[in-house]
């Protein structure tokens, strides 16, 4: 049976592996849709999406519409006569787009739907202390992440999982699931099933904001550890240290939660250090031992290197909030 012709839509690195897997499995990619190039940085260098870079390397047709409802873009999609659209980490599609292909349009989502609908399922699964995550393919409809489920694959999280390690694991799992889904739809052996919402409750996965990233040192060490891991390596959990005069913004990427309180009576945010390798912060319950961090304007470094270049760290403490 001839494999279906596909139009693929995606933007970041997470969307590259599924596209590569489709090509390696013999699917015809009629075109790739991604975001327009945009300038960034001090030099306003034009940046291309990771999907575009890969598509160029494969000699694929690339479309970068500013508006998905533009008549010229819609006509371009129809002229390619694709059997199926596949979406991975792109944008919400209007019905005039997702309703075009005869075999439907499906999306890959980095969670076990219906849990963690939204923009940041990988981050929130770790922040919330989930023991399990996974990937889901589902048919797109008129609402975000609510369509009929096609396939799912589960993954057990480990206690040291970060957003970075989970991203990479689900990216590879997702690539295989996209291929299986495309094959099942093309053969007519796969049908969508409505999302089963347990007790009518859905755990959301909203966009990560600056406020999300701020560490509350009055929280427990366990919760702070999950926040740090859930935001590492990007965008990073943040806090501010001060000695009463000088303030420095910090990003914390790696740490270890310690349940015991080594110095009773210390206020949350207070720092214990030997100036060499130990950098411990008191929490509302327990403490956090920081092992990798970055000061504003500096590079990311191990705590040993950081402390070797920082004087009088014992005079500083972490703030509860950031202004």
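The values are calculated or read from the model by the stated rules, or taken from the named source; none is laboratory data. No experiment lies behind these values; they were computed from the predicted model shown. All Cβ positions, even for glycine, are placed from backbone atoms using ideal geometry, and neighbour counts span all protein chains on display.
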Cβ pairs under 6 Å, 6+ apart, first in region 19-46 and in the same structural domain as residue 182 (by TED's automatic domain parsing) and closer than 25 Å to residue 78 by Cα, second modelled with pLDDT of 95 or more and loosely packed, with under 14 Cβ neighbours inside 10 Å: 31/61; 36/66
Residue list for region 1-35, filter: surrounded by fewer than 12 Cβ atoms within 10 Å (Cβ to Cβ) and over 23 Å from residue 183 (Cα atoms): none
Subset tally (residues that are part of a helix (DSSP H, G or I) and in contact with a strand residue (DSSP E or B) (Cβ under 8 Å, 6 or more places away or on another chain)) for region 21-74: 7
Subset of region 44-60 (residues that are farther than 16 Å from residue 89 by Cβ and in contact with a helix residue (DSSP H, G or I) (Cβ under 8 Å, 6 or more places away or on another chain)): 58
Where residue 250 falls short, out of the listed (1) more than 21 Å from residue 220 (Cα to Cα); (2) out of contact with any helix residue (DSSP H, G or I) (no Cβ under 9 Å at 6 or more places or on another chain); (3) in a strand (DSSP E or B): (1)
Residue count, region 62-103 (criterion: surrounded by 14 or more Cβ atoms within 10 Å (Cβ to Cβ) and within 21 Å of residue 28 (Cα to Cα)): 23
Among the residues listed as 202, 197, the single one being over 21 Å from residue 313 (Cα atoms), at pLDDT below 95 and surrounded by 14 or more Cβ atoms within 10 Å (Cβ to Cβ): 202
The listed residue being more than 20 Å from residue 91 (Cβ to Cβ) and at pLDDT below 95, out of 191, 163, 182, 175: 191
Selection count, region 230-246, where residues are assigned to a strand (DSSP E or B) and in contact (Cβ under 8 Å) with a residue 60 or more places away in the chain: 5
Residues satisfying the stated conditions in region 268-299, i.e. without any contact (Cβ under 8 Å) to a residue 40 or more places away in the chain, farther than 15 Å from residue 238 by Cα, crowded, with 16+ Cβ neighbours inside 10 Å and touching a helix residue (DSSP H, G or I) at 6+ places or on another chain (Cβ under 6 Å): 279
Flag if residue 225 is part of a helix (DSSP H, G or I) and without any contact (Cβ under 8 Å) to a residue 12 or more places away in the chain: no
Set 169, 154: member being modelled with pLDDT of 95 or more and surrounded by fewer than 15 Cβ atoms within 10 Å (Cβ to Cβ): 154
Identity of the residue in region 116-143, closer than 15 Å to residue 193 by Cα and in contact with a strand residue (DSSP E or B) (Cβ under 9 Å, 6 or more places away or on another chain), that ends up surrounded by the fewest Cβ atoms within 10 Å (Cβ to Cβ): 139
Selected residue (only one of 191, 205 is in contact with a strand residue (DSSP E or B) (Cβ under 7 Å, 6 or more places away or on another chain) and closer than 30 Å to residue 105 by Cβ): 205
